[in-house]
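Here the structure comes first, spelled out in structure tokens, and everything after it is commentary.
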Amino acid sequence: MKSSNQQPAASNQQRATSNDRVFIALGSNLGDRAAWLRQAQEKLFGAPTVQLVAASTVYETEPVGKIDQPAFLNQVLEVRTTLAPENLLSRLLQVERELGRARNERWGPRNIDLDLLAFGGCILKTGRLTLPHPELHRRRFVLQPWAEIAPEFIVPGFSATVEGLLKNCGDNNRVQKIERQNYSSENKRCWWYIDPPKE
Ligand code: AMP
């Protein structure tokens, strides 16, 4: 593993330093999509090992790959964590399981999907974790919300900022901001609402 970013990377075996900037992508396209995103955050931040730093607004996005499925809601969070990268991945998979996520077809519909986008300057490829996330530069539904909260973050291995990757992203699928957010830094929670459809 090497560090190519502003901060030293956490070793996979070590506990992370509080300086690592860590980003998580959330997605849902089944059932009450907004509720799934909210519940995932409640579970994730229910333990002190993962803390919210910033949350993008929520976007409604066209499915990519397998297109005959409902539109997604997507959001990106910046978190601070004491967990090492593999342990944070385990935590994300645990939250998915707790929310009843069944692993069906790869690009198919899912009530909740949690991906680890980047962990400080960490570049890593193990059997179960690739960092940065290998698809992030191809996905407008990731880059657009991410650029909202961390445009200047240099994505390790790409030598480019999130904003730069977004500018060069060839994905032209619809990514539309749909909600207003009220973020309270006091208790590190966020509440948000989906705008009612326009008359
Ligand atoms: P999916 O649910 O289709 O996003 O795939 C999840 C699987 O991808 C998990 O079982 C992980 O082991 C693996 N994986 C590899 N790298 C990552 C990453 N950066 N974030 C989330 N899952 C990852």
Fill in the blank from the handout: Checked pairs for the range 121-141, first touching a residue at least 40 places away in the same chain (Cβ under 8 Å), second acidic (Asp, Glu) and near the ligand (Cβ under 9 Å from one of its atoms), C-beta under 8 Å and 6 or more apart or across chains, list as His133/Asp115
Practice task
Run down Asn168, Asn111 and say which single residue is modelled with pLDDT of 95 or more and farther than 23 Å from Pro48 by Cα.
Solution key: Asn168
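Going through Arg80, Arg101 one at a time, which residue ends up being without any contact (Cβ under 8 Å) to a residue 24 or more places away in the chain and of a type in the set (D, E, K, R)?
Arg101
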Practice task
Taking Asn111 as the residue in question, decide whether it is touching a strand residue (DSSP E or B) at 6+ places or on another chain (Cβ under 9 Å) and farther than 18 Å from Glu78 by Cβ.
Solution key: yes
Handout entry: the range 170-183 residues that are under 15 Å from Arg33 (Cβ atoms) and of a type outside the set (Phe, Trp, Tyr), paired with ones that are assigned to a strand (DSSP E or B) and at pLDDT below 90 (beta carbon under 8 Å, 6 or more apart)
Key = Ile178/Ile194; Glu179/Trp192; Glu179/Tyr193; Glu179/Ile194
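On the basis of being within 14 Å of the ligand (Cβ to nearest atom) and aliphatic (A, V, I, L, M), does Val76 make the cut? Working first, answer last.
Working: within 14 Å of the ligand (Cβ to nearest atom): yes; aliphatic (A, V, I, L, M): yes.
So Val76 fits the description; yes.
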Exercise for the section: Could you check how many residues of the range 112-156 are away from the ligand (no atom under 14 Å from the Cβ) and under 11 Å from the mean Cα position of the chain (by Cα)? Expected result: 2
Exercise for the section: Report, ordered by the first and then the second residue, all pairs with beta carbons closer than 6 Å, sequence separation of six or more or different chains, a first member in the range 44-59 that is more than 20 Å from Pro85 (Cβ to Cβ), and a second member that is among the basic types (Lys, Arg) and in a strand (DSSP E or B). Expected result: Thr57/Lys177; Tyr59/Lys177
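The values are calculated or read from the model by the stated rules, or taken from the named source; none is laboratory data. Since the model is a prediction, treat every value here as computed from it, not as a measurement. We place every Cβ from the backbone using ideal geometry, glycine too, and count neighbours over all the protein chains shown.
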